[in-house]
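Encoded as structure tokens, the structure appears first; notes follow it.
All of the numbers you see were taken from the coordinates with simple rules; none came from a lab. Computed from a predicted structure; not experimentally measured. A quick note on method: Cβ atoms are made from the backbone with ideal geometry, for glycine too, and the neighbour counts reach across all protein chains shown.
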Amino acid sequence: MTKVLVPSGALGLNYDQSALMRGLEMKPDIIAIDGGSTDSGPAYLGKGMSKYSRSSTKVEWQGLMEARAKADVPLVIGTAGTCGTDSTVDWMLDITREIAAELGQTIKIAVLRSSQDSAKIADAYENGRISPLQHAHEISRETIENCSNIVALAGAEQIQAAINTGADVIIAGRTTDTAIIAALPLMQGANVGGAWHGAKIGECGALCATNPQSGVIMIDFDGDGFTVTPLADGAKASPHTVSAHMLYENSDPNILYEPGGYLEVTDAKYVALDDTSVRVTGSKWTTAPYTVKLEGASLAGYQCISLVLLRDARYVKNAQKWADDIVEKCSAKVVDRLKLSPDDFNIELRLIGENASFGALETRMIDAVEIGVLGIVTATSDALANEIGKILNPYLLHHPLTQSEEQPTFAFPFSPAEISRGAIYTFSLNHVMTLDDPMDAFTLEVHDIG
Amino acid sequence: MANLGSIVGKVRSKNAGPFWLTVDIFCETPDAYEQVVSALSTKTIADIFRIDEHVVKRFDLSDLNVVKFSLPRPEIQGSAADRDMHGASWAALIGEIDIGAAA
């Protein structure tokens, strides 16, 4: 009934061109692709920038804009530019204009914006319209106002508003991964539970099938459920690969919360139609008050890092003791020389080859050949982080295990040895906001190009 | 003695948003699934992370031969104290849990 062509799990991850062409032959009603998530970390949201390169994004987006023109159906990207702020939406709009001009395409572009004014969000918090999700940290008006960027995750309704403009291309800011896929099937009367379930299964492209990196899948939605078909050569979906995808990056494998309700798949039935396609029915949707999830990132200081290698067997064996001694002595020197409080900065040495992945939670100890020591200085300004990085340097170069031995020298792979990381960010909101109308936190604009 | 990773098909660990970690143990066969369900307690997982077992959500999914655990992330994703942006390396630590005699 409604066929949604999903080229890959995210624009920038590439897709199989011949599978995309196969998808076009099946006459999709819309092409939908995700542009991001929080998974790459808080700095992209904090700075409002894309993780993927502009050139890769442009090449892949051009392929989809050409496919769209061929199929004459809408093309939608959600969470444009990794984080879906207004700045990355504008970045994506700029790329789209450039491609349209180069291809000579005359198109209508709908732009859905998800960035939020922090003062308005703080007001909503004080008016009791913002609620914590499970294990959310305590927040205050200040937490919200300290965010350099806040986005709200749009659901199907806002994407539907964009589709209703008659746009050829929809560039959406932050949306749920599923909303861009579920929107059109829901408008055309698909089973509501099936629409959201199919959208969740399809949101990572062919990750719900074998040959996950091939990307392209078709999801065909109808009044009872949906059918998912991977389109690359050799890619196959089975009831197992499809049902297992509900586990993926989802804390509860049976429930998925979306704006305005939640999906339950406990009673869903998965049937293999052949060795490639799987049909799913029995997914259940329950409506709930209309809330949208908020994501916010705030400045968490500035960092300067260093990397030094220990290869001497005695130092490798005693690396933790050596590192702890450096942190203690260097911290005292920083307090003394810069007249700082110990709370103004942090020096951490992570031992790569010993316990850099898990720190104190590491359970396995073996003798390493060498250890990479990652020095991380965090401070309240960029200048201070770099200054402390320079105070740390002589320790990393020459610190002896005992006073009685000849001065050792360790291996720096770089000059300068200090690497400025600039501002660092942290995710600071784990909350939802209640809306009277789905469009209350979002704006929609239309651009005619060409 | 057998470690978990040697009796199951795959252990996967991923972020479930910036604040949660989710661990999927794909046992692959009903036998391995039964063994994991009976030998791997929620407390063992909680102890790995040094957290209270009551904050760990557990799902025994016999249809998929999967045991799934979800827990608050040890550190918020990407914060200064976090060591693994995508939360994927925890799978290695969990795969090395000793779950007793092999089947």
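Some notes on this structure:
- Candidate lysines - alpha carbon under 30 Å from A:Lys339, same-chain residues fewer than 8 apart omitted: A:Lys321, A:Lys329, A:Lys390
- Loop-located chymotrypsin sites (Phe, Trp or Tyr not before Pro) in segment A:384-421 (DSSP state other than H, G, I, E, B) with a sparse environment of at most 10 neighbouring Cβ atoms within 10 Å: A:Phe414.
- Net charge of neighbours whose Cβ lies under 13 Å from the Cβ of A:Tyr44, counting Lys and Arg as +1 and Asp and Glu as -1: +1
- Net +/- balance of residues flanking A:Leu5 in space, Cβ distance below 12 Å, scoring K and R +1, D and E -1: +2
- Put simply, when A:75-83, A:263-271 are sorted by average Cβ atoms within 10 angstrom per residue, most first, you get A:75-83, A:263-271.
- Trypsin sites (Lys or Arg not before Pro) lying in DSSP loop within segment B:13-59, provided at most 16 other Cβ fall within 10 Å: B:Arg50
- Under 17 Å from B:Lys43, Cα to Cα: lysines that are on another chain or at least 8 residues apart: B:Lys57, B:Lys68
- Under the Karplus curve 6.51 cos²θ - 1.76 cosθ + 1.60, θ = phi - 60°, whole-Hz ³J(HN,Hα) for segment A:407-421, x wherever Gly or Pro sits: 5, x, 9, 9, 9, 9, x, 10, 9, x, 6, 8, 10, 6, 9
- Taking every residue in A:352-360 and counting other chain Cβ atoms within 10 Å of its Cβ, the average works out to 3.
- Across peptide B:69-78, the mean count of Cβ atoms from other chains lying within 10 Å of each residue's own Cβ comes to 5.
- In segment A:299-428, the DSSP beta bridges split such that about 100 percent are antiparallel, to the nearest 5.
- Alpha-carbon Debye profile of segment A:99-180, log10 I(q)/I(0) at 0.16, 0.17 Å⁻¹: -0.75, -0.81
- Highest-MSF residue in chain A out of A:Ala199, A:Ala161, A:Ala360 [GNM, Cα springs under 10 Å]: A:Ala360
- Counting Cβ atoms of other protein chains within 10 Å of each residue's Cβ and taking the mean over peptide B:12-21 gives 6.
- Packing-based order for A:117-129, A:185-197, using average beta carbon neighbours within 10 Å, highest first: A:185-197, A:117-129
- Rounded to 10°, Cα long-axis angle of helix A:192-202 versus longest principal axis of chain A: 50 degrees
- Calculated over chain A, the projected area of the Cα convex hull averaged across directions stands at 24.8 nm².
- With a cut-off of 15 Å between beta carbons, the residues surrounding A:Thr291 carry a summed charge of -3, where Lys and Arg count +1 and Asp and Glu -1.
- Segment A:151-161 - phi-based ³J(HN,Hα) in whole Hz, Karplus 6.51/-1.76/1.60, Gly and Pro as x: 10, 9, 8, 5, x, 5, 4, 6, 5, 4, 4
- Rounded to the nearest 0.05, the FRET efficiency derived from the C-beta distance between A:Ser53 and B:Asp31 at R0 = 60 Å is 0.80.
- In this label model, A:Glu126 and A:Gln320 are separated by 4.9 nm, measuring between points 7 Å along each Cα→Cβ vector.
- Stretched out straight at 0.36 nm per residue, the stretch from A:Asp336 to A:Lys269 would grow longer than its current Cα-Cα span by 17.4 nm.
- Loop-located chymotrypsin sites (Phe, Trp or Tyr not before Pro) in segment B:45-103 (DSSP state not H, G, I, E or B) with no more than 14 neighbouring Cβ atoms inside 10 Å do not occur.
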